[in-house]
Structures are given as structure tokens and as C-alpha cells.
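As C-alpha cells, the structure follows; a few thoughts come after it.
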Amino acid sequence: MSHLSAENVSVAFAGLKALSAVDLQIMPGRISGLIGPNGAGKTTLVNVLTGFQTPTEGAVKLDGEALTGLKPHLVRRRGIARTFQGGRLFRDLPVVDNLEVTGVGLGMSRRAAIAEAEAMLDWIGIASLGSRIAGTLPYTDERRVAIGRALMGRPAYILLDEPAAGMSGPESKELSALIRRIATDLGCGVLLIEHNVGLVLGLCEHIVVLDSGAIIEEGSPVSIRGSEKVRHAYMGTTADADLPVLEVME
Ligand SMILES: Nc1ncnc2c1ncn2[C@@H]1O[C@H](COP(=O)(O)OP(=O)(O)OP(=O)(O)O)[C@@H](O)[C@H]1O
Ligand SMILES: [Mg+2]
């Protein structure tokens with residue numbers, strides 16, 4: 001069965017172990033969650049999976065074949081896309097051009113890239129934003145454009161680094177529906193990183209919890225929700241009151 005995996009991945013930054021022997025698998029059509037407190041190593045793992053960071057140890061494999069050491073644009077061409085925590089759009093360009101540039105970078109003709117960009121914006125439900133200058137968009141629209149850009153060329157996998165950051169409840173729900181459609185309608189394997197744990201519990205079949213670079217727990221939303229280790233990592237307490245951070249978002 002096809003899958004994207006991190007196998008025994010460790011990353012050290014000048015003595016700091018950002019990741020220690022991490023294993024993770026992402027399957028087509030499924031949504032997996034990656035959670036953990038600030039500095040746990042979540043973005044570092046996405047960087048490793050997408051070629052932005054070479055692991056100190058371990059491997060990234062696509063369908064069993066090693067991709068470790070491939071440059072980010074080549075990883076992208078193999079169908080592994082990502083969004084960035086900070087959005088990173090071309091702020092001076094119109095929205096549609098932001099998607100077009102990625103399409104051209106993937107080898108499409110300009111005409112094909114524009115056609116796909118327009119179709120993608122429409123599919124996401126933001127066709128009306130196409131001619132807006134990206135830097136003038138509200139934060140939440142910027143997030144959706146970044147997802148659209150990542151979906152150009154129909155990647156097999158998409159890694160979303162805190163897509164709901166700064167969103168209101170209703171905006172997060174809308175985003176949640178979009179993420180579900182990415183998995184079910186496009187058959188994309190999704191890795192969702194979020195501090196909004198409720199969103200992750202509501203969407204993901206399988207959740208991995210990182211703390212200080214190591215996996216401290218993994219499993220179904222139910223098992224993660226009941227985990228003392230996870231509560232500890234987030235709250236630094238054993239109190240088993242109903243912590244809002246572990247509420248499921250419908
Ligand atoms: N390029 C780098 N050089 C040195 N240290 C780094 C580098 N990138 C990350 N780190 C450190 O590695 C650790 C993991 O960082 P990372 O950004 O992966 O965490 P995170 O789980 O994504 O956190 P957040 O939830 O705040 O986004 C942190 O201690 C961070 O300071
Ligand atoms: Mg991060």
C-alpha cells in the first residue's frame with residue numbers, strides 16, 4: 001500500500017535534539033494528526049518530510065523508496081506538498097498568480113497553470129479572491145490560498161502546518177470541512193499539525209503526539225483524549241478535569 005513515511009528520524013541542531021528517533025506514516029485519503037506543545041519538533045518533522053531539513057539520522061520514504069536528501073522542489077514534484085506556519089505567499093502578486101507560479105514550477109505551461117489555479121480556487125470556494133493582491137487578504141483567506149497553492153499539481157500528500165492558527169470557531173469549522181474534502185474528494189494523504197487540538201481530534205483517524213522531539217503517545221482520537229501523558233505534556237498537571245484543549249470540535 002502506498003504511503004509516505006519518516007523512519008527513525010532524528011535531527012540535532014548544535015546539541016539540541018529537535019527530533020529523536022521519530023516514526024510516522026501518512027496514507028493516501030487519510031488524515032493524520034501531529035500535535036505537541038511549542039518547540040516539540042512538529043515543524044522540524046514537516047521540514048524533514050519535505051526536503052527542507054536533512055535528518056541527522058533516519059530516512060524519509062515514499063512507497064518504500066528513500067527520498068532523504070532530495071531538494072524541496074524535487075520532493076514537491078514527487079507529490080508531497082506543504083503549507084508554512086507563516087503562510088509565505090507572494091504578497092505583491094494576485095492570488096491566482098500565486099497558484100500559477102507553483103503550477104509553472106511543477107512543469108505546467110502558463111495556460112495550464114492558470115486554468116488549474118482558477119479551478120482550484122473555485123474548488124476551495126474562493127474563486128472571487130483570484131484577482132486580489134495576496135498581501136491585502138485577511139489572514140484566514142491567506143491560509144486558504146496557501147492550501148490552494150499546495151494543492152496545485154494534485155499532490156498525493158499535503159502537510160498542513162497550523163492552518164487554523166488565528167481562526168475563529170466558525171472559520172475553523174469551515175477549514176475543517178475543506179481538509180476533509182482534501183482527503184475524501186482528492187484522495188490526498190493529509191498530515192495536520194494544529195494547536196487547536198479539538199480540530200485534530202474531530203478530523204484525524206490517527207494522531208501522533210510529540211514532546212521535546214520524541215513521540216510520547218499515538219493512537220485514535222479517543223485514546224489520545226484519554227491519555228495522561230498528553231495531558232501532562234500540554235498542561236504540566238495530572239488533574240483530570242475536562243481540559244478545554246482536549247475537547248473534540250464537531
Ligand atoms: N534551524 C534551527 N536551528 C536551531 N534550532 C532550531 C531550528 N529549527 C528549530 N529549532 C529548535 O528545534 C525545536 C523544535 O522546533 P519546531 O519549530 O520543530 O517546533 P514546533 O513543534 O513546530 O513548535 P511550534 O508549535 O511553536 O511551531 C525548538 O527547540 C526550536 O527552537
Ligand atoms: Mg511549528
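The values are calculated or read from the model by the stated rules, or taken from the named source; none is laboratory data. What you see is a predicted model; the values in this text were computed from it and never measured. Glycine also receives a Cβ, built like all others from the backbone with ideal geometry; neighbour counts cover every protein chain displayed. To get the accessible areas, we keep the full protein, side chains included, count just its heavy atoms, and leave off ligands, DNA and RNA. Shrake-Rupley method; radii C 1.70, N 1.55, O 1.52, S 1.80 Å.
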About the Cα centre of the chain, how large is the charge dipole given +1 on each Lys and Arg Cβ and -1 on each Asp and Glu Cβ? Please answer in debye to the nearest 20.
760
Computed over the chain, protein heavy atoms only, probe 1.4 angstrom, the accessible area per residue in square angstrom equals 44
Excluding residues fewer than 8 positions from residue 42 in its own chain, the lysines with Cα under 22 Å of it are 17, 61, 71, 229
Taking θ as phi - 60°, what are the ³J(HN,Hα) couplings along the range 19-33 by the Karplus curve (6.51, -1.76, 1.60), each to the nearest whole Hz, with x for Gly and Pro?
9, 10, 6, 8, 10, 8, 10, 10, 10, x, x, 10, 10, 10, x
With the dipole of the chain defined by +1 on each Lys or Arg Cβ and -1 on each Asp or Glu Cβ, the option from 32, 5, 165 whose Cα lies farthest towards the positive pole is 5
Given the convex hull over the Cα atoms of the chain, what projected area results after averaging over all orientations, in nm²?
13.3
May I ask which residue of 203, 67, 106 lies farthest towards the positive end of the charge dipole of the chain, with charges of +1 (Lys, Arg) and -1 (Asp, Glu) on Cβ and the Cα centre as origin?
106
Can you tell me what share of the DSSP beta bridges in the chain is antiparallel? A percent to the nearest 5 is fine.
55
Per-residue HN-Hα couplings for the range 2-16, Karplus 6.51 cos²θ - 1.76 cosθ + 1.60 at θ = phi - 60°, whole Hz, x for Gly and Pro?
6, 6, 10, 9, 9, 10, 6, 7, 10, 9, 10, 10, 6, x, 8
Determine the share of the chain's accessible area contributed by carbon and sulfur atoms, expressed in whole percent, with a 1.4 angstrom probe.
52
Whole-number percent relative contact order across the range 88-154, with pairs defined as alpha carbons under 8 Å at least 6 apart
45
Once every DSSP H run of n ≥ 4 in the chain is given -39500 (n - 2.57) and the sum is divided by its residues, what mean residue ellipticity at 222 nm do you get, rounded to the nearest 500 deg cm²/dmol?
-10500 deg cm²/dmol
